[in-house]
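S.K.: Before I ask anything, let me first share the structure, which is written out below as structure tokens.
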Protein chains: 2
Amino acid sequence: MYALAIHGGAGALPRTQLSAERERAYQQGLAQALSAGQAILADDGCALDAVEAAVTVLEDDALFNAGRGAVLTLDGTVELDAAIMDGAKLRAGAVAVVTCVRNPVRLARRVLEDTPHVFLAGGGAERFAAEIGFVPVANEYFITLCRQQQLAALTGQPSNVTALDEPPLGTVGAVARDSHGQLAAATSTGGMTGKRPGRVGDSPVIGAGTYADNHSCAVSTTGHGEWFLRTVQAYDIAARMRYGGASLSDAVSASIEQRLPQLGASGGLIAVDHRGEIVIRYNTPAMFRASVRSGEPVSIHVY
Amino acid sequence: MYALAIHGGAGALPRTQLSAERERAYQQGLAQALSAGQAILADDGCALDAVEAAVTVLEDDALFNAGRGAVLTLDGTVELDAAIMDGAKLRAGAVAVVTCVRNPVRLARRVLEDTPHVFLAGGGAERFAAEIGFVPVANEYFITLCRQQQLAALTGQPSNVTALDEPPLGTVGAVARDSHGQLAAATSTGGMTGKRPGRVGDSPVIGAGTYADNHSCAVSTTGHGEWFLRTVQAYDIAARMRYGGASLSDAVSASIEQRLPQLGASGGLIAVDHRGEIVIRYNTPAMFRASVRSGEPVSIHVY
């Protein structure tokens, strides 16, 4: 059996701001990404390939805050972060602050496969991309009118630039358990609107936004990146299972529904354990999410 | 009571390569750094100030792989990473790939204090440094003849560039418990000799190289950065205590002496818990380390 879950971000998106038409568009985007990952898993492919494929589709979809359509920095530019992790061998790859790589998750995968390192940032990451034949895109490729309007609205009220109570809805991620019992996770994001150039969030940080270990679970998070860095959010779920003996569901509940609200932190996560159990939970009003398990129907939801 | 421990790196340093004179120089550097942190703690100062002060001294000491005297990238340049964390409120600051900031740990502290973010990398981190009045230094300030020779030796044998079995001895760090019961941790490094430009190691990653939480412990690691990223090393110690009920000593033993060798990873760490218990352990031949607790003599060791 296989299991796959994806997310397109969690946040305070009021129902009134999401027209039925726009909601359908998001659901379609999620369906396409889920399908790309599922095709690999249904063909006995590996979890690592499945999460990379699903996240690549979401990066290419301008609706989501990753790749094309990512949110803008205070400078009006796009800076992208991504990570991917192989739960079988604890191999990981991550990139941060990349400005000219169309699919950051694919670059993260190459860091995992083709370097002795785990994490490359900025110009060094882009140089590696060029060396391995990635064709650079102009930063304008990523920028959409919608994100420019969001930044303008934000910078019209400078005091809100630093507000952490408006999570950047749209970070994307995937977790999978393949038919061989291997786990993998991947996350990709443009971060938060109006972020300071050079800011690195939780998404590319192994243990914070992304984590996978066959012995516990695979996790991808979305929400208050700064809080998820401080709480080491993704690994916290695995540790509650590994050292506390919690089930995946209990670990996620304790973390997302109890600890984070106590800290004033909001967001959500998707997770899958070695048995293929999928848990998706969030303490925000909405979370774009979809999942499927072999032999079961596809599930796609926003609220 | 207060407790303070510092390290100057762990690795495979054969006794024959360390003359008595050079060993004394390292011990003197450690003594000065310990003294800077101890002065703050003895004056009822806070743990966060103490670890920053101790690490600043080690960054300025050319013997250690942090700040001046840091190891070189494949390009022959210096790129610095640092992080600091406040165990009282889980506040954290980190910088990576900075090339013109004399004391990266002080910049990390300012990220913690003066931005809504946790982690800044590359040019964005340097721009923040300039904005808050840090006077930039030329990259040459950091470069020593010794590190140039190390890089030359390494690049003479290109196949060794990627060797992970020669940890970069010299990463520095500090952990403290102050008289008010607060914990803090800080780590600073130049990474590994011959690293790819843009490479980020475990040191600046909250949860991997640096972590502090009053409810468990404060940790600073040194060794195989890539492995410590994958094992989420620093938070793993806290999680073994928090969720597994282990003592600090048992948590560190299980991780450093059992799990890491199984994975083929080497290194060490310093840690202190809320009662002021200090644990220093490493699975390498040597680790530069020093510690002190109120009313007890100073301890400084290499082997």
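S.K.: Please enumerate the residues belonging to segment B:182-197 that are in contact with a Phe, Trp or Tyr (Cβ under 7 Å, 6 or more places away or on another chain) and at the interface with another protein chain (Cβ under 7 Å from one of its Cβ atoms). Before you say what the answer is, go through the steps one by one.
M.R.: Taking segment B:182-197 and keeping what is in contact with a Phe, Trp or Tyr (Cβ under 7 Å, 6 or more places away or on another chain), we get B:185, B:196.
Matches in segment B:182-197: B:R196 only.
S.K.: Looking at this structure, is A:T73 of a type in the set (S, T, N, Q) and either at positive phi or open to solvent by less than 10 Å² (accessible area, probe 1.4 Å) (or both)? So that I can check it myself, show each step before the final result.
M.R.: Details: of a type in the set (S, T, N, Q): yes; either at positive phi or open to solvent by less than 10 Å² (accessible area, probe 1.4 Å) (or both): yes.
Here the answer is yes, as A:T73 does meet what is asked.
S.K.: Which members of segment B:1-56 meet the condition of being assigned to a loop (DSSP other than H, G, I, E, B) and surrounded by 14 or more Cβ atoms within 10 Å (Cβ to Cβ)?
M.R.: Across segment B:1-56, the qualifying residues are B:Y2, B:L13, B:L18, B:G45, B:C46.
S.K.: Please go through segment A:172-201 and give me each residue that is modelled with pLDDT under 95 and open to solvent by 10 Å² or more (accessible area, probe 1.4 Å), ordered by number.
M.R.: Scanning segment A:172-201 gives A:M192, A:T193.
S.K.: Do any helices (runs of 4 or more DSSP H) entirely within segment A:202-292 hold 3 or more residues that are open to solvent by less than 10 Å² (accessible area, probe 1.4 Å) and touching a helix residue (DSSP H, G or I) at 6+ places or on another chain (Cβ under 9 Å), and if so, which?
M.R.: Working: elements: A:225-230, A:233-242, A:248-252, A:260-263.
Where helices (runs of 4 or more DSSP H) fall fully within segment A:202-292 and carry at least 3 residues being open to solvent by less than 10 Å² (accessible area, probe 1.4 Å) and touching a helix residue (DSSP H, G or I) at 6+ places or on another chain (Cβ under 9 Å), they are A:233-242, A:248-252.
S.K.: Do you know which of the residues in segment B:98-129 that are touching a strand residue (DSSP E or B) at 6+ places or on another chain (Cβ under 6 Å) and part of a loop (DSSP other than H, G, I, E, B) is surrounded by the fewest Cβ atoms within 10 Å (Cβ to Cβ)?
M.R.: B:H117
S.K.: Restricting attention to segment B:77-97, and to residues there that are out of contact with any helix residue (DSSP H, G or I) (no Cβ under 6 Å at 6 or more places or on another chain) and assigned to a loop (DSSP other than H, G, I, E, B), which single residue is surrounded by the fewest Cβ atoms within 10 Å (Cβ to Cβ)?
M.R.: Pass one, segment B:77-97, residues out of contact with any helix residue (DSSP H, G or I) (no Cβ under 6 Å at 6 or more places or on another chain): B:79, B:81, B:85, B:87-89, B:96.
Now restrict to residues that are assigned to a loop (DSSP other than H, G, I, E, B): B:79, B:87-89.
Working: B:E79: 29, B:G87: 29, B:A88: 18, B:K89: 14.
Selected residue: B:K89.
S.K.: Could you look through segment A:130-149, keep only residues that are part of a helix (DSSP H, G or I) and more than 29 Å from B:P204 (Cβ to Cβ), and pick out the one that is farthest from the other protein chains (Cβ to nearest Cβ)? Steps first, please.
M.R.: Our first condition is that a residue be part of a helix (DSSP H, G or I); within segment A:130-149, this holds for A:130-131, A:139-142, A:145-149.
From what is left, the residues that are more than 29 Å from B:P204 (Cβ to Cβ) are A:140-141, A:145-146, A:148-149.
Values: A:E140: 19, A:Y141: 21, A:L145: 25, A:C146: 23, A:Q148: 20, A:Q149: 22 Å.
Ranking the qualifying residues of segment A:130-149, first place goes to A:L145.
S.K.: Quick one: is A:T210 away from chain B (no Cβ under 14 Å), hydroxyl-bearing (S, T, Y) and closer than 24 Å to B:Q233 by Cβ? Walk me through it before giving the result.
M.R.: Values: away from chain B (no Cβ under 14 Å): no; hydroxyl-bearing (S, T, Y): yes; closer than 24 Å to B:Q233 by Cβ: yes.
No, not satisfied.
S.K.: Output yes when any residue across segment A:33-50 is charged (D, E, K, R) and within 19 Å of A:R109 (Cα to Cα), and no when none is.
M.R.: Looking for residues that are charged (D, E, K, R) and within 19 Å of A:R109 (Cα to Cα), one finds at least one in segment A:33-50, hence yes.
S.K.: Output yes when any residue across segment A:225-233 is of a type outside the set (S, T, N, Q) and over 22 Å from B:G87 (Cβ atoms), and no when none is. Can you show your working first?
M.R.: Our first condition is that a residue be of a type outside the set (S, T, N, Q); within segment A:225-233, this holds for A:225-230, A:232.
With over 22 Å from B:G87 (Cβ atoms) added as a condition, the list becomes none.
No: segment A:225-233 contains no residue that is of a type outside the set (S, T, N, Q) and over 22 Å from B:G87 (Cβ atoms).
S.K.: Report, by residue number, each residue of segment A:225-245 that is more than 7 Å from chain B (Cβ to nearest Cβ) and of a type in the set (F, W, Y).
M.R.: Passing the criteria: A:W227, A:F228.
The values are calculated or read from the model by the stated rules, or taken from the named source; none is laboratory data. Since the structure is predicted, the reported quantities are computational estimates derived from the model, not experimental observations. Cβ sites come from the backbone with ideal geometry, for glycine too, and all protein chains shown count toward neighbours. With ligands, DNA and RNA removed, areas are computed over all heavy atoms of the protein, side chains included. Shrake-Rupley method; radii C 1.70, N 1.55, O 1.52, S 1.80 Å.
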